[in-house]
1. Determine which member of the set Ile244, Ile294 is within 14 Å of the chain's Cα centre (by Cα), modelled with pLDDT of 95 or more and part of a loop (DSSP other than H, G, I, E, B).
2. Which of the residues belonging to segment 197-251 are among the basic types (Lys, Arg) and away from ligand 1 (no atom under 16 Å from the Cβ)?
3. Could you tell me which numbered condition Lys134 fails, if it satisfies all but one of (1) crowded, with 16+ Cβ neighbours inside 10 Å; (2) more than 15 Å from ligand 1 (Cβ to nearest atom); (3) within 16 Å of Val219 (Cα to Cα)?
4. Being within 16 Å of ligand 1 (Cβ to nearest atom) and not charged (D, E, K, R) is the filter; apply it to segment 156-196 and report the residue that is modelled with the lowest pLDDT.
5. From the list Arg127, Arg108, Arg120, which residue is surrounded by fewer than 24 Cβ atoms within 10 Å (Cβ to Cβ) and away from ligand 2 (no atom under 16 Å from the Cβ)?
6. When the residues of segment 109-120 are narrowed to those that are modelled with pLDDT of 95 or more and more than 6 Å from ligand 1 (Cβ to nearest atom), which ends up nearest to the chain's Cα centre (by Cα)?
7. Can you pull out the residues in segment 84-129 that are in a loop (DSSP other than H, G, I, E, B) and under 15 Å from Phe242 (Cα atoms)?
Amino acid sequence: MVDHVVIIGSGPAAHTAAIYTARADLRPVLFEGWMAGGVAAGGQLTTTTDVENFPGFPEGIGGPELCDRFRAQSLRFGTVIHTETVTRVDLSARPFRYATDEREGQARALIIATGATARRDDIPGTRDGELWQKGVSACAVCDGALPMFRDKPLFVIGGGDSAMEEATFLTKFASRVYIVHRRDELRASQIMQERARANPKVEILYSHQVTAVEGDGVVQRTRVKDLKTGAERAIESAGLFFAIGRKPNTDFLGGQLQLDDQGYIVTTPGTTATSVPGVFAAGDVQDKKYRQAITAAGSGCMAALEAEHFLSAHPA
Ligand code: FAD
Ligand code: NDP
């Protein structure tokens with residue numbers, strides 16, 4: 001049997017695509033993964049507490065609850081959901097072929113919404129069950145406005161554009177923002193560096209490393225080491241934000257779609273079309289700029305509409 005549309009992924013992009021394609025009577029089949037990319041089915045929002053910037057929830061909503069609601073809405077319109085990770089695809093001919101550990105199948109159109117996973121360093125105090133999500137975060141835009149960070153010193157690890165952007169953003173709330181970079185030269189673009197450097201609240205600790213985060217239930221101190229002198233000190237702080245890059249979940253594609261140099265799927269600007277006609281990509285797997293639930297959902301809607309048009313133009 002050949003399905004009309006198979007959706008791979010389980011975050012806001014995948015479920016929005018499922019809701020739209022189900023309502024268009026395309027009977028979507030969605031593979032939500034099993035700890036794919038190290039994240040539970042539901043995607044990155046399952047790893048956060050309160051989501052306060054998704055429209056429709058003026059009091060905010062817990063990340064896992066929002067994921068449950070996306071999933072329930074997909075099911076309501078008849079999406080078939082398998083809790084399996086897609087391990088390989090064959091995009092060389094239509095219908096496309098795909099496989100999980102439990103089944104193989106074919107689809108006339110594919111929507112890839114497998115997201116990206118924020119990289120974290122294994123620093124004592126930052127792990128799950130320690131102070132992760134208790135002051136330690138990987139998303140300043142998501143968490144920076146929380147009351148726990150107001151008028152407190154914060155840390156950002158990284159030397160790229162994300163670190164500069166997140167640090168600059170955090171100065172709206174923090175009393176001071178330390179950027180900790182492992183080398184004596186930033187990787188970020190000149191303009192982003194200058195913006196961060198010009199901000200009186202930002203201090204860049206070059207050739208430094210965070211060695212530990214400490215606190216009683218929440219972050220209270222960050223320990224840093226000067227890699228040139230070996231000197232260590234503890235600085236009072238309420239938060240630590242990782243900005244050391246992300247890994248898009250594209251390994252299973254086996255190089256069959258055009259990816260950029262960091263592994264993100266390349267889409268035609270303004271669309272979700274990939275390098276293979278009939279394969280569409282939505283959400284963070286193709287977006288290294290906005291990386292928000294609402295933008296992922298928006299591109300999931302685009303992918304669904306584009307898949308629908310593709311199937312009308314290419315009847316079986
Ligand atoms: P993702 O959420 O990345 O989910 C994709 C999922 O697909 C994967 O996690 C995995 O479960 C599954 N998958 C991957 N590979 C496969 C495969 N081969 N087969 C099957 N399934 C697979 N954004 C906001 O707007 N507001 C916030 O408050 C907010 N808070 C955040 C807090 C944290 C800690 C993090 C990390 C991110 C936060 N974000 C927030 C960003 C937001 O979570 C992402 O932008 C959004 O979830 C991206 O959605 P997505 O649909 O692209 O996929
Ligand atoms: P990058 O890969 O560019 O930078 C990651 C940074 O983290 C580097 O400085 C790297 O150090 C550091 N790093 C990596 N691993 C570790 C580790 N284990 N410990 C400590 N530090 C570490 O990622 P970004 O997310 O910053 O940017 C990704 C892409 O997105 C880039 O193309 C960027 O230009 C783009 N972007 C653009 C923005 C904009 O224009 N507004 C905003 C955000 C991102 P080192 O330098 O030593 O390798």
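The values are calculated or read from the model by the stated rules, or taken from the named source; none is laboratory data. Small disclaimer: the values here were computed from a predicted structure and weren't measured. Note that we place each Cβ from the backbone using ideal geometry, even for glycine, and neighbour counts take in every protein chain shown.
1. When all the criteria are applied, what remains is Ile244.
2. Arg197, Lys201, Arg221, Arg223, Lys225, Lys228, Arg233, listed by residue number.
3. Unmet condition: (2).
4. Ser162
5. Arg108
6. The residue in question is Ile112.
7. The answer is Arg119, Arg120, Asp121, Asp122, Ile123, Pro124, Gly125, Thr126, Arg127, Asp128.
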